[in-house]
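Undergrad: Let me give you the structure first, and then I'll get to my questions.
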Number of protein chains: 2
Amino acid sequence: MNFKEDCRKRTEKIEEILRKYLPDQTGHQQIIEEAMEYSLMAGGKRLRPMLMKETFDLFGGKGGVIEPFMAAIEMIHTYSLVHDDLPAMDNDDYRRGRKTTHVVYGEDMGILTGDALLNYAFETACSAFETDPQNSILIGRALKILAGKAGIYGMIGGQVVDVRSAGCKISGELLAFIYRLKTGALIEASVMIGAVLAGAKEEEIGKMEEIAGKIGLAFQIQDDILDVTSTTEILGKPVHSDEKNEKTTYVTWKGLEKAKEEAARLTEEAVEELRSIGKECGFMEELLRRLVYREK
Amino acid sequence: MNFKEDCRKRTEKIEEILRKYLPDQTGHQQIIEEAMEYSLMAGGKRLRPMLMKETFDLFGGKGGVIEPFMAAIEMIHTYSLVHDDLPAMDNDDYRRGRKTTHVVYGEDMGILTGDALLNYAFETACSAFETDPQNSILIGRALKILAGKAGIYGMIGGQVVDVRSAGCKISGELLAFIYRLKTGALIEASVMIGAVLAGAKEEEIGKMEEIAGKIGLAFQIQDDILDVTSTTEILGKPVHSDEKNEKTTYVTWKGLEKAKEEAARLTEEAVEELRSIGKECGFMEELLRRLVYREK
């Protein structure tokens, strides 16, 4: 297996799907369609649709029903970044080396572009009812998961607590809550939707949710570790920023060594559980490890 | 028929449904659940869920499947107001005599509350898959309509063009486009979803969409008329504001008399079409007229 090459091919395919589901740039409202493309096609690891597709394949899913959901989850992830970058939120002018959406299109359009992407995610996912009406019950279930994990009991809930605790010392438990919801929830949704649409069993769906929860948390802990151990050159962003901002992180909470142990433990447990499903999953196993054991 | 009394009863029932579908106020993210309630329970005519329910009943709809959609459409209407009021948009501190959401909870929470309401609308509507799995195909179709009419080809599309043309002279055609999308689309969604979930025929769904489009437009034209003909005391907001802001309206476009004629023509056509469906619809007929022929 050549992981890098396999990963590149999958990413290319995902970008193709994203382009396919983006709206045409036409009509009086063309500017919003442009801004949606600008935000969505800004690069990124495409981790969520990739995990969704791998899980779908793992459980023997067939056909195109997964594609609108792959596009939808990336749209939801993107809208959350667009709104996070707004002046009233993190006030970031750059993301991945490009100007953020509100900087290019104006703050009002930044708000509306986020709204449009969130709404269009559901519109896109709903198109599956038309292409696969015989799977309406599974599609309905996948939609429920998507909305649930993106909402106040999922990603938005995590953002709210994160925003409200900015500048405060928080407990480790609250930190774990924020990580689980803000980052973990959409990763959980990705694998659960892949499993549901492939017709996986209840216990398999539950196991995938658990695996994703662990990887999501380990991913965030690794972020905290890199802020302490990496360099600005490698990360492409300032290091030691958590210390400077007096932020509670896994490293400040448990110490560097314990944080490393925790990330490793969660990852190994996740890989072990993935193997216990008893299917061929070499690429996904490697993907999970690389998500955590990364240098940037 | 005592219209006022009938209307009051229906509004009460809708408020009950909204409360039922609002999330519990619990957990670390409680503040967002509070803000959602603050925004959603701020009063208002509840026009969209009312039209949805009337249409559902008109076509013989039975059971509770309509209720999550009634809540969902009002959540979407509310999120659009919360985001419209933000400093980067209309920058309004008051709505219906109460402080707007971002004034009470902060600008960051204003953005997140709008996001939460939009997302929760879909989460709420998706709950119908669990309570009525046998209707999954109809529910899927209703969801598609909801997302479509709320999105870039519907309400958001109208907002985008409205925001982008603020302070500019625009053509009457563009004005009609904004009105049709910004206000008309959600009203169309309301009656279409009511019809779809009641199992109405294709041509009936199409007819209801047309009726709602006419009423939505007439409603907006009446807004323009009242800005010229009413008083601040009656309207509860400054009159002649369109003239002051040099805004293009139906009145500046066509003149007051023609605008009045247009509103009346659209309303009478809508009522005529409603009657042609051949069902008992006394309340809805009166409701449509009163939406347009109102004094405030």
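Undergrad: Which whole-number percentage describes the relative contact order of the stretch B:78-131, with Cα contacts under 8 Å and a sequence gap of 6 or more?
TA: Computed value for the stretch B:78-131: 36 percent relative contact order.
Undergrad: Could you list, in their original order, any pairs among B:K20/B:K45; B:K149/B:K214; B:K214/B:K260 whose Cα atoms are separated by more than 21 Å?
TA: none
Undergrad: As an exercise, identify the trypsin sites (Lys or Arg not before Pro) in the stretch B:138-184 lying in DSSP coil whose Cβ has no more than 11 other Cβ atoms within 10 Å.
TA: Values: sites: B:R141, B:K144, B:K149, B:R164, B:K169, B:R180, B:K182; in loops: B:K169.
Hits after loop and neighbour filter: B:K169.
Undergrad: Looking at the calculated P(r) for the stretch A:3-292, what percent of the C-alpha pair distances fall above 37 Å?
TA: 12 percent
Undergrad: So, one more: With +1 on each Lys and Arg Cβ and -1 on each Asp and Glu Cβ, how big is the dipole of the stretch A:206-273 about its Cα centre, in debye rounded to the nearest 20? Write down the numbers at each step before the final one.
TA: On the way: 9 positive and 16 negative charges, 34 e Å.
It comes to approximately 160 debye.
Undergrad: Oh, and also: Using the basic label-point model (7 angstrom from Cα toward the beta carbon), what is the A:Y94 to A:H240 distance in nanometres?
TA: Going by the 7 Å Cα→Cβ label model, 2.0 nm.
Undergrad: In the structure displayed, which of A:K53/A:K144; B:K53/B:K279; B:K13/B:K201; A:K144/B:K207 lie more than 20 Å apart, Cα to Cα?
TA: From A:K53/A:K144; B:K53/B:K279; B:K13/B:K201; A:K144/B:K207, over 20 Å: B:K13/B:K201; A:K144/B:K207.
Undergrad: Further, regarding this structure: Please report the Cα spread of the stretch B:26-133 along all three principal axes, rounded to whole Å, starting with the longest.
TA: Largest first, the stretch B:26-133 extends 44, 30, 20 Å along its Cα principal axes.
Undergrad: Can I ask one more? Could you pull out every residue, at least 5 positions away or on a different chain, whose amide H is within less than 5 Å of the one on A:R95? Hs are placed 1.01 Å off N in the peptide plane, and Pro or chain starts have none.
TA: A:T100
Undergrad: With +1 assigned to the C-beta of every Lys and Arg and -1 to the C-beta of every Asp and Glu, and no other charges, what is the dipole magnitude of chain B about the Cα centre in debye, to the nearest 20? It would help to have the intermediate numbers written out before the result.
TA: Numbers: 39 positive and 50 negative charges, 79 e Å.
Computed about the Cα centre, the dipole is about 380 debye.
Undergrad: Here's another thing I want to ask about it. Provide, for q = 0.09, 0.18 Å⁻¹, the log10 of I(q)/I(0) from a solvent-free Debye sum over equal Cα point scatterers in the stretch B:77-217.
TA: Results for the stretch B:77-217 at q = 0.09, 0.18 Å⁻¹ read -0.33, -1.09.
Undergrad: Sticking with this one: Only Cα pairs under 8 Å and at least 6 apart count here; give the relative contact order of chain A as a rounded whole percent.
TA: Working: 389 pairs, mean separation 52.1, N = 296.
The normalised contact order for chain A reaches 18 percent.
Undergrad: Local charge sum around A:L143 (other residues, Cβ-Cβ under 12 Å, Lys/Arg +1, Asp/Glu -1)?
TA: It works out to a net charge of +1.
Undergrad: If you don't mind, there's one more thing I want to ask. Of A:L186, A:F59, B:G43, which is farthest along the charge dipole of the protein assembly as shown in the positive direction, counting Lys and Arg as +1 and Asp and Glu as -1 at C-beta?
TA: Checked the options; the winner is A:F59.
Undergrad: B:K13 label points, 7 Å along Cα→Cβ, one per copy: pairwise distances from this copy to the rest in nm, shortest first?
TA: Label-point separations across copies, in nm and ascending: 5.1.
Undergrad: On to the next question. At a threshold of 8 angstrom on Cα-Cα distance, excluding pairs fewer than six apart, so keeping six or more, what relative contact order does the stretch B:34-188 reach in percent?
TA: Details: 152 pairs, mean separation 35.0, N = 155.
Computed over the stretch B:34-188, the figure is 23 percent.
Undergrad: About the Cα centre, and with charges only on the beta carbon of Lys, Arg (+1) and Asp, Glu (-1), how big is the dipole of the protein assembly as shown? Nearest 20 debye, please. Intermediate values should be presented prior to the final figure.
TA: Details: 78 positive and 100 negative charges, 44 e Å.
Dipole of the protein assembly as shown, to the nearest 20 debye: 220 debye.
Undergrad: Here is a follow-up. Which distances, shortest first and in nm, link B:G282 to the matching position in the other copies, using label points set 7 Å out along Cα to C-beta?
TA: In ascending order, 7.6 nm.
Undergrad: Something else: What Kirkwood hydrodynamic radius do you get for the stretch A:159-293 when you take the inverse of the mean 1/r over all pairs of distinct Cα atoms, in Å?
TA: Final number for the Kirkwood radius of the stretch A:159-293 is 15.9 Å.
Undergrad: Further, regarding this structure: Where in chain B is the longest stretch that carries no GluC sites (Glu not before Pro) classed as loop by DSSP and with at most 13 other Cβ atoms within 10 Å?
TA: Longest site-free region, per DSSP loop and neighbour criteria: B:1-245.
Undergrad: If you don't mind, another one. What aspartates and glutamates sit close enough to A:K244 to cross-link, taking a C-alpha to C-alpha distance under 14 Å and skipping anything fewer than 8 places away on the same chain?
TA: Leaving aside aspartates and glutamates fewer than 8 places away in the same chain, those within reach of A:K244 are A:D224, A:D227.
Undergrad: Excluding residues fewer than 8 places away in the same chain, name every one of the aspartates and glutamates whose C-alpha is closer than 15 Å to that of A:K9.
TA: Cα-Cα hits under 15 Å: A:E54.
Undergrad: Let me ask something else. Just the ratio, please: alpha-carbon radius of gyration of the protein assembly as shown over 2.2 N^0.38 Å, N its number of residues. Please list the in-between numbers first.
TA: Values: Rg = 24.9 Å, N = 592, 2.2 N^0.38 = 24.9 Å.
In units of the globular-protein estimate, the protein assembly as shown measures up at 1.00.
Undergrad: Under the rule of -39500 (n - 2.57) per DSSP H run of 4 or more residues, summed and divided by the residues of chain B, what mean residue ellipticity at 222 nm is obtained, to the nearest 500 deg cm²/dmol? It would help to have the intermediate numbers written out before the result.
TA: On the way: 16 runs with 210 residues, N = 296.
Helix-only estimate at 222 nm: -22500 deg cm²/dmol.
Undergrad: Moving to a separate point now. One decimal, nm, shortest first: give the distances between the label point of B:G206 and those of the same position in the other copies, each label point 7 Å from Cα along Cα→Cβ.
TA: Going from nearest to farthest copy, the values are 4.9 nm.
Undergrad: Taking the alpha-carbon centroid of each part, what is the distance from the stretch B:166-194 to the stretch A:276-291 in angstrom?
TA: Between the Cα centres of the stretch B:166-194 and the stretch A:276-291 lies a distance of 49 Å.
Undergrad: Grab the beta carbon distance between A:E16 and B:K169, set R0 = 45 Å, and tell me the FRET efficiency rounded to 0.05.
TA: Working: r = 42 Å, r/R0 = 0.94.
After rounding to 0.05, the efficiency reads 0.60.
Undergrad: Spin-label point model (7 Å from Cα, Cβ direction): what's the A:T232 to A:S276 distance in nm?
TA: 4.5 nm
Any read-out appearing in this document is the output of simple, stated calculations on the displayed coordinates, not a laboratory observation. Here the structure is a predicted model, which means the values were calculated and not measured. Neighbour counts run over all protein chains shown; Cβ positions are idealised from the backbone, glycine included.
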